[in-house]
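Quick notes on the structure that follows.
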Amino acid sequence: MEFKKFSDVKVDKLDISAVQKKYAALLSKLSQAKDGQEAIKIVKEKFAFDDEINTAVQIPQVRHTIDINDKVNSDLNDFYDENIPLIAEAENPFSQALFKCPFRKELEGEFGKHLFELIEINLKTFSPAIVKDLQEENAIGSEYNKLMGQAKGIYKGEEIPITKFDPLMKSLNREERKEGSEGYWGFFAKNEDKLADIYDRLVKVRTRIAKKLGFDNFLQLGYYRLNRTDITISDVEKYCAQVYKTWVPFCQELYKKQEQRLGIKDMKYYDYSLMFKNGNAKPVGTPEDLVADATKMYKEMSPVASKYFNFMTEHGMMDLVAKAGKIPGGYMTYIPGLKSSFIFSNFNGSAGDVDVLTHEFGHSLQGFLASDIVAPSLRSPGYESCEIHSMSMEFFAYPWMQYFFKENEAKYRYGHLLEDIAFIPYGVSVDEFQVFAYTHPEATQEERKAAWRAIEKKYLPQRKYGEDNAFLEKGGYWMRQLHIYVDPLYYIDYTIAQVGAFEFFIKSNEDFKAAFSQYLSFCKLGGKYPYHELMVKGGLEDPMKPSTLPSIIPELKKYLDSIDDSKF
Ligand code: ZN
């Protein structure tokens, strides 16, 4: 679709019964197809129709997030919330028929094998017998979101939303950090029973769903829900063991350095969030300046990236600045009908603003580069791979950081890399905790907390709470992690992708041009192959292979050592 500005694009409200009829007609055409060529043509027509629907649904949804007070888009948003399950129900028989289609050989020749692997595991995650349980799972998830949406902690005698505690917990003033942390965790301690009960019910309903579908417990089902066709539970177990053996000691060295930098001898749990004595690097300039800097950066970085970045800004495909009526947070979404992504954020003056222009743009660029892939489900891989697109772009942008951070650019790079490194053991802890939860669905609140504390001591041994925080000492930290509640088993994907991004980072320091062109090729592959094959085709060492982590550590150390952190 040709368009000038996102705000001018006109979309009609979908007629749900027409959508149902169209899917039924496509299904009957597929079942009557006489040969492979005809089947391929019908499947292509179906994919184009999927894109049409996706476009019609997403545009008003995006507009709704930009201005929740706009009545037209708010009504459309509600309308689709209600009707998307009906659309999915109408589409589902086609996927089932496609899976059983007698012309599989020809179809695999055209679209690849992976499309069918995805359909196969998707079919394993659903049966009409679990509809009620799925509704229950969603309802408990909403209960959790509601509780967290109103979450407030106490700071200096005043109630403030827990989302506002972050700057206090990173305050340069130690007393403020302590009080901020106590206020933040105070909410969780006060609501511990409620949060534990919500999680208990989620574990139990997910276990029930898994058993009804023929699984022993939720673990394998959770993997299938995340489209992991070839990542096994044992792959992840081995990867976690490798993190414990190699990455945990690496991080402990970095915490020692942090201690020296801050000049604090008795580091407390609330001190670790402060990386530098004078605070983190902040970008300089207005939001318009940052976009202008990014425009200049991409122009110097790569013709393809530059052309697409300009396309997005010129066509109003970014809404970056916080303003009244916008929902909080940020996201990017690919809109197939426009062959472009939309980036949404709420700039707040922190380094995170620059990460939006790199991270989210990395995702966007990938969406654009893979837009020629006909099957929508193959345009983008699983989270463990698609976050490589975005996290790598954060690193490819390093040589241009002086545009955004001026004289603090080295401090930004140092801090950014440290955070990424330190994240891995935490991400792995979150996964190991969930493995415990789903393999011990009958565990009590106290047993779950004890399990978390043991995992925390293993992967994050610097965390000593002692008498400073009884709630955390008993193992309550996991209760703050949203993903544990609403995105089961997803969290580990960030860590796997991070390792893939480190690989591109190391390559970019050796030969930027070659690394960037390899990155573009990797993006173009989209999600056409299962994970392990995608890593091979993309020329990356598989992050889950036991030799990968130990080979990365010395390179990252070398890079950190090349920056003098004593002045930060
Ligand atoms: Zn991302």
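Relative contact order of region 155-221, please, whole-number percent, based on alpha carbon pairs below 8 angstrom and at least 6 residues apart.
Working: 32 pairs, mean separation 12.5, N = 67.
It rounds to 19 percent for region 155-221.
What is the set of long-range amide H partners of S341 at a cut-off below 5 Å, with H atoms built 1.01 Å from backbone N?
I335
In nm, to one decimal, how far is the modelled label at I119 from the one at D266, with both set 7 Å along Cα→Cβ?
Output for this residue pair reads 6.6 nm.
Computing the accessible area with a 1.4 Å probe over protein heavy atoms, can you report the carbon and sulfur percentage for region 398-444?
56 percent
Length gain on complete extension for the stretch V374 to K5, per 0.36 nm per residue less the alpha carbon to alpha carbon distance?
That works out to 130.3 nm of additional length.
In debye, nearest 20, what is the charge dipole magnitude of the chain about its Cα centre with +1 on Lys and Arg Cβ and -1 on Asp and Glu Cβ, if you could check?
Result for the chain is approximately 320 debye, rounded to the nearest 20.
Would you mind getting the accessible area per residue of the chain, heavy atoms of the protein chains only, 1.4 Å probe, in Å²?
Per residue, the chain has an accessible area of 45 Å².
Work out from phi, with θ = phi - 60° and the Karplus expression 6.51 cos²θ - 1.76 cosθ + 1.60, the ³J(HN,Hα) of each residue of region 33-40, listed in order in whole Hz, and give x for Gly and Pro.
For region 33-40, the Karplus curve yields 4, 8, 8, x, 4, 5, 4, 4 Hz.
Quick one: what are the phi-derived ³J(HN,Hα) couplings along region 293-298, Karplus 6.51/-1.76/1.60 with θ = phi - 60°, whole Hz, x for glycine and proline?
My calculation for region 293-298 gives 5, 5, 4, 5, 4, 5 Hz in order.
Quick one: Karplus J couplings for region 45-57, per residue in order, coefficients 6.51, -1.76, 1.60, θ = phi - 60°, nearest Hz, x for Gly and Pro?
With the stated coefficients, region 45-57 comes to 4, 5, 4, 5, 5, 3, 5, 4, 5, 4, 5, 5, 7 Hz.
Leaving ligands, DNA and RNA out of it, rank H416, H532 by accessible area with a 1.4 Å probe, largest first.
Sorted descending by solvent-accessible area, the residues read H532, H416.
What part of the accessible area of region 123-186, given as a whole %, is carbon or sulfur when the probe is 1.4 angstrom?
Roughly 55 percent, rounded to a whole number.
Restricting to DSSP H runs of at least four residues, report the calculated mean residue ellipticity at 222 nm for the chain, -39500 (n - 2.57) per run over all residues, nearest 500 deg cm²/dmol.
-20000 deg cm²/dmol
If you roll a 1.4 Å probe over region 1-113 with all protein chains in place, what percent of the accessible area is carbon or sulfur?
The nonpolar share, carbon plus sulfur, comes to 52 percent.
Distance from the Cα centre of region 38-52 to that of region 100-160, in angstrom?
24 Å
Could you list which residues have their amide H under 5 Å from that of F347, counting only those 5 or more apart in sequence or on another chain, with H placed in the peptide plane?
V321, A322
Placing +1 on the Cβ of each Lys and Arg and -1 on the Cβ of each Asp and Glu in the chain, which of Y224, A437, T246 has its Cα farthest towards the positive end of the resulting dipole?
So the residue furthest toward the plus end is T246.
Return the FRET efficiency for the residue pair Q37, A139: r is the Cβ-Cβ distance, R0 is 51 Å, and the value is rounded to the nearest 0.05. Before the final figure, lay out the partial values.
Values: r = 46 Å, r/R0 = 0.91.
That pair, Q37 with A139, gives E of 0.65.
Suppose R0 equals 22 Å; then what is the FRET efficiency for K537 and K44 from their Cβ-Cβ distance, rounded to the nearest 0.05?
With a Förster radius of 22 Å, E is 0.40.
Please give the helix 16-31 orientation as an angle from the longest Cα principal axis of the chain, in degrees from 0 to 90, rounded to the nearest 10.
70 degrees
Could you check the spin-label model distance between D197 and L482? Points 7 Å from the Cα along Cα→Cβ, value in nm.
2.4 nm
What is the helix-to-structure angle for 303-314, meaning the angle in degrees between its Cα long axis and the longest Cα principal axis of the chain, kept from 0 to 90 and rounded to the nearest 10?
80 degrees
Tell me which residues come under 5 Å, amide H to amide H, from Y155 once H is placed; ignore anything under 5 positions away on its chain.
Counting only residues 5 or more places away or on other chains, the set is I160.
The values are calculated or read from the model by the stated rules, or taken from the named source; none is laboratory data. In this text the structure is predicted, and so the values were computed from the model without any measurement. Reconstructed Cβ throughout: ideal geometry from the backbone, glycine too, with neighbour counts over all protein chains shown. In case anyone asks, the SASA skips ligands and DNA or RNA and just uses the protein heavy atoms, side chains included. Shrake-Rupley method; radii C 1.70, N 1.55, O 1.52, S 1.80 Å.
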